[in-house]
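S.K.: Could you have a look at this structure, given as structure tokens, before my questions?
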Amino acid sequence: MALPRLAIIGRPNVGKSSLFNRLAGRRISIVDPTPGVTRDRISTIVELKAPPGRRDDEPRFVELMDTGGYGVYAAEGGRIDDAGQDLAVLAPDIERQIRAAVAQADLVLFVIDAHDGIVPLDEMVARLLREAGLSGRVMAVANKVDDPSWEGDGIEAASLGFGEPLLVSAASGFGAGRLQEAVWERIGAPGPDGPPPDPEIRFAIVGRRNAGKSSLVNALAGEPRVIVSEIAGTTRDAVDVRLEVDGKALVVIDTAGVRKRKSWADDVEFYSNARTDAAIDRADVCVLLLDAAEKCSQVEKRLAHQLETKWKPTVIAVNKWDLVASKLSPKDYIEYLTQEFPGLEFAPIVFVSAKDSTGLRELLGMVANLAHQARHREGTGRINHAVRAILEARGPSSRLGTKAKVFYVAQIDVQPPTLAMVVNKPDLFAGSYERYFRNQLREHLPFSEVPIRIVFSERKREKRTRE
């Protein structure tokens, strides 16, 4: 049984994203006074506790959806981006995502700003909801009721025709408890299936602007789940999209396109990049998406280095391959990528076309394979056998002739697979030999395509005391 869905809608700058974050209990959507910050449909699973008088009842789970604002660029300023593009062309796509969220929702929170009162755009949204026959599913919420002195202003929302409004302040938390209790009551008893299973794999798609990340997410989801536009920087939040593949629950994270820091246009882009970094951190696997028709840039090299230093299992996905397949061979392109990303030479490469939905099965299979490798825990016996074989074939030595000795080795962690090695001289393994040693471990152990972290330490000699 699917979870009940709760959509938050309203005009720009009424605090929808702040309310979304408040109900979610963490910062997910970007909050900024700039009109039109939220564009895509952001969703998360929220657990709602039973009201104080019903503590014996089970918590109820809901899929909470944040949406863009109706009339998203009606405010003055902010319409033209730093590249001179008219962002108003995004409005139909944003409103299409709003309509999709409302159509799927079991309950709609229609948010107004108590400070501004009811404005014509609020009345327009209310009319659209009534004309769609959704009045019975709408709860009015007056936001920015920062204290009881604003309650009279918030009550004005009753004139919209959706009953007495709930009075809250998403920023301070005033009234948030009453709102959660009201939602708990309205969504009804939980279904027999309980909360949804945790996803088996979370994978983030990262890359520079216009590489096709959102198109790839939509192709994987089988629906226009996120907005796709020729305008660079359309995606701003990190958008989690849940997939069911062969009976397994996966979450793919669409991220904002990355560019050089000196080119960032505003605070929103700063927050977008912070969301991308956070998505990388929480992902089990990352997909570095490249545009086959463009040369690899410094931005992508920096992203590759970031994935390397964070020890993230990475698939390099080459998008728009259909545009260059007649000119380039996969072998030549793989050689090119090996030169461009030497730190990810072990990462598998998949050729895809988001537009034609080709290569998607191979991409998902590789993501699952890397997640399995990163979670694998190898036996100490096999690890010791591999280390002995590598050292016998080629062991490090100093200019003074000191040879490396390994006293102990074992796997101490997963994600990434982490080996602890006690040796006589850790310095002998530093530099180029460590890279050679790690590559050889991939040949001997089932970690052939994921990062391997090695922690070297020197054996400490016990001090003897005279009797």
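S.K.: Does the stretch 129-156 hold any residues that are crowded, with 16+ Cβ neighbours inside 10 Å and closer than 25 Å to GLU63 by Cβ, and which are they?
M.R.: LEU129, LEU134, ARG137, VAL138, MET139, ALA140, VAL141, ALA142, ASN143
S.K.: Another one. Would you mind listing the helices (runs of 4 or more DSSP H) fully within the stretch 257-361 where at least 2 residues are in contact with a Cys (Cβ under 9 Å, 6 or more places away or on another chain) and modelled with pLDDT of 90 or more?
M.R.: 298-309, 330-340
S.K.: Could you check, for the stretch 184-204, whether at least one of its residues is aliphatic (A, V, I, L, M), modelled with pLDDT under 90, over 25 Å from ILE98 (Cβ atoms) and surrounded by 22 or more Cβ atoms within 10 Å (Cβ to Cβ)?
M.R.: No, the stretch 184-204 contains no residue that is aliphatic (A, V, I, L, M), modelled with pLDDT under 90, over 25 Å from ILE98 (Cβ atoms) and surrounded by 22 or more Cβ atoms within 10 Å (Cβ to Cβ).
S.K.: Same structure, new question: Pairs please, first residue from the stretch 307-322 and closer than 20 Å to ASP356 by Cα, second anywhere and among the aliphatic types (A, V, I, L, M) and in a helix (DSSP H, G or I), Cβ atoms under 7 Å, 6+ apart in sequence or on different chains.
M.R.: Qualifying pairs under 7 Å: VAL315/LEU363; VAL315/MET366; VAL315/VAL367; VAL315/LEU370; ILE316/LEU337; ILE316/LEU344; ALA317/LEU363; ASN319/LEU216.
S.K.: For residues in the stretch 391-442 being among the basic types (Lys, Arg) and farther than 30 Å from ILE280 by Cα, which is surrounded by the most Cβ atoms within 10 Å (Cβ to Cβ)?
M.R.: LYS425
S.K.: Look through ALA410, ALA371, ALA420, ALA386 and report the one residue that is over 30 Å from ALA221 (Cα atoms) and touching a residue at least 40 places away in the same chain (Cβ under 8 Å).
M.R.: Exactly one of ALA410, ALA371, ALA420, ALA386 is over 30 Å from ALA221 (Cα atoms) and touching a residue at least 40 places away in the same chain (Cβ under 8 Å), namely ALA386.
S.K.: If you check ALA132 against the conditions, is it at pLDDT 90 or above and either more than 23 Å from THR44 (Cβ to Cβ) or out of contact with any helix residue (DSSP H, G or I) (no Cβ under 9 Å at 6 or more places or on another chain) (or both)?
M.R.: no
S.K.: Quick one: is ILE8 of a type in the set (A, V, I, L, M), under 20 Å from the mean Cα position of the chain (by Cα) and modelled with pLDDT of 80 or more?
M.R.: So ILE8 does not fit the description; no.
S.K.: Can you tell which of ALA404, ALA410 is at pLDDT below 90 and in contact with a strand residue (DSSP E or B) (Cβ under 8 Å, 6 or more places away or on another chain)?
M.R.: ALA404
S.K.: In the list LEU391, LEU428, which residue meets the criterion of being among the hydrophobic types (A, V, I, L, M, F, W, C), in contact with a Ser or Thr (Cβ under 9 Å, 6 or more places away or on another chain) and not assigned by TED's automatic domain parsing to the domain that holds TRP311?
M.R.: After applying the criteria, what remains is LEU428.
S.K.: Can you tell me how many residues in the stretch 135-172 are in contact with an Asp or Glu (Cβ under 9 Å, 6 or more places away or on another chain) and assigned to a strand (DSSP E or B)?
M.R.: Count: 4.
S.K.: Continuing with this model, one more query. Considering the stretch 340-350 alone, what residues qualify as being under 22 Å from the mean Cα position of the chain (by Cα) and in contact (Cβ under 8 Å) with a residue 40 or more places away in the chain?
M.R.: Passing the criteria: LEU344, ALA347, PRO348.
S.K.: Look through the stretch 109-128, keep the residues that are touching a Leu at 6+ places or on another chain (Cβ under 8 Å) and assigned to a helix (DSSP H, G or I), and return whichever of them is surrounded by the fewest Cβ atoms within 10 Å (Cβ to Cβ).
M.R.: Ranking the candidates gives GLU123 first.
S.K.: So, in the stretch 307-339, how many residues would count as being within 20 Å of GLY212 (Cα to Cα) and within 18 Å of the chain's Cα centre (by Cα)?
M.R.: Qualifying residue count, the stretch 307-339: 5.
S.K.: Here's a follow-up. Give the stretch 173-189 a look and list any residue that's in a helix (DSSP H, G or I) and touching a Ser or Thr at 6+ places or on another chain (Cβ under 9 Å), or say none.
M.R.: ALA176, the sole residue that qualifies.
S.K.: Now for a separate question. Out of all the residues in the stretch 220-239, which are at pLDDT 70 or above and touching a Lys or Arg at 6+ places or on another chain (Cβ under 8 Å)?
M.R.: VAL239
S.K.: Spot the failing condition for SER448; the list is (1) free of Cβ contacts under 8 Å to residues at least 40 places away in the same chain; (2) surrounded by fewer than 17 Cβ atoms within 10 Å (Cβ to Cβ); (3) within 30 Å of the chain's Cα centre (by Cα), and only one is missed.
M.R.: The failed condition is (1).
The values are calculated or read from the model by the stated rules, or taken from the named source; none is laboratory data. Every value quoted in this text rests on a predicted model; they were computed, and no experiment measured them. Don't worry about glycine lacking a Cβ; one is built from the backbone with ideal geometry, like all the others, and counts go over all protein chains shown.
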